[in-house]
Amino acid sequence: MTDPLSRPATAFEGGCAVARGALIDVAMAVKARTEADPAATPLVFDDATGAVIDLDLRGGRDDIAARLSTGVVPGQTRAGANEPGPAGGKGRGRPKLGVVAREVTLLPRQWEWLAAQKGGASQALRRLVDDARRRDDGRDRAATERAYRFMSAAAGDLPGFEEASRALFAGDRARFDASTAGWPADIRIHAARLAWDDRDGPAR
């Protein structure tokens, strides 16, 4: 099990990376920065998940380390924690195929398109999901999701965010780099590092 104190983390402020390394070291760097400038508001990100870490910086290093050592990293979410479980009972569908009924919310025009497809909405949805899974073969979905979490918090208001997000989920690196070209260099490089495990990010 990974030592919570050594989890890789990065702190950003105003578009610049101000600390990077083990979580405890980043926490102490952020504490020093906020003590020197009470107006400073750095955000600390868990590099493994892309989530913001809400640190409790009261006390000294030992106090902070003790809290971090509990292994609970605020802001971190468990994958699938909010996903609905299998529906109880047999329900509709064909049990021999393992079909599970769950709610799907779509716009009227999307329902109309699905209804017009061969086999109806259910078969069309299954084909779409299977096609998407085939396209995703070999891609690291966890990396995509951690990059998106980081981008949403650090770059959600920046120009090109929506286009960059679409490129990220499509695995289109060239379009991603073009969409993020105007972002602060540290944010752009870190997002690429999280998404594609780049050491240096896109060319500057």
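The values are calculated or read from the model by the stated rules, or taken from the named source; none is laboratory data. All figures in this text were calculated on a predicted structure; none of them were measured in a lab. Heads up, the Cβs are rebuilt from the backbone with ideal geometry, glycines too, and the neighbour counts pull from every protein chain shown.
Here are some notes:
- Test result for G201, at pLDDT 95 or above and in a loop (DSSP other than H, G, I, E, B): no
- The range 167-186 - residue that is closer than 16 Å to C16 by Cβ and either among the aromatic types (F, W, Y) or crowded, with 21+ Cβ neighbours inside 10 Å (or both) and, of those, nearest to the chain's Cα centre (by Cα): T180
- When restricted to residues that are of a type in the set (G, A, S) and touching a Ser or Thr at 6+ places or on another chain (Cβ under 6 Å), the range 163-184 contains 2.
- Residue check for D62: among the acidic types (D, E), at pLDDT 50 or above, surrounded by 12 or more Cβ atoms within 10 Å (Cβ to Cβ) and within 30 Å of G21 (Cβ to Cβ): no
- Filtered residues of the range 96-120 (kept if modelled with pLDDT under 80 and surrounded by 10 or more Cβ atoms within 10 Å (Cβ to Cβ)): V99, V100, A101, R102, V104, L106, Q110
- Qualifying residues in the range 44-59 (those that are touching a strand residue (DSSP E or B) at 6+ places or on another chain (Cβ under 9 Å) and crowded, with 19+ Cβ neighbours inside 10 Å) - the one farthest from F150 (Cα to Cα): L55
- Unmet requirement for R139, which otherwise passes all of (1) under 20 Å from the mean Cα position of the chain (by Cα); (2) at pLDDT 85 or above: (2)
- Sole exception among (1) under 19 Å from H190 (Cβ atoms); (2) in contact (Cβ under 8 Å) with a residue 60 or more places away in the chain; (3) surrounded by fewer than 18 Cβ atoms within 10 Å (Cβ to Cβ) for T41, by number: (2)
- Taking the criterion of being assigned to a loop (DSSP other than H, G, I, E, B), among the charged types (D, E, K, R) and in contact with a Leu (Cβ under 9 Å, 6 or more places away or on another chain), the only residue of the range 21-55 that qualifies is D47.
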